[in-house]
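Participant: Sending over a structure as structure tokens; questions will come in a sec.
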Amino acid sequence: MQKEIGEDWVKVYSSNQVFKVELMKGILENNGMDAVIINRQDSSYLSFGEIELYTLKIYANKAMGIITLLNV
């Protein structure tokens, strides 16, 4: 089941490397935060574009704190 991204969601991380975004998503979810990945990479040229990680606004500060501590 895919979550819908609306105005209650904010981008907290992005990278052009899928594994980094997946890792961050797992960490946020393990800390009780909803997280969704949006892949904005060009399907023909995977070096163009970013994979973005979103969480609910209520978790944004906590998520950013965790991501900053991990320094990824």
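Participant: Between Ile58 and Val18, what length comes free when the chain is fully extended (0.36 nm per residue of separation minus the Cα-Cα distance, one decimal in nm)?
Facilitator: On the way: separation 40, 0.36 × 40 = 14.40 nm, distance 2.47 nm.
My answer for the length gained is 11.9 nm.
Participant: Between Ile5 and Arg40, what length in nm is gained on full extension when 0.36 nm per residue of separation is reduced by their alpha carbon distance? Show your work: numbers first, answer last.
Facilitator: Values: separation 35, 0.36 × 35 = 12.60 nm, distance 1.40 nm.
Between Ile5 and Arg40, full extension yields 11.2 nm more.
Rule-based calculations on the coordinates, nothing more; no lab input. Just so you know, these numbers come straight off a predicted model, no measurement behind them.
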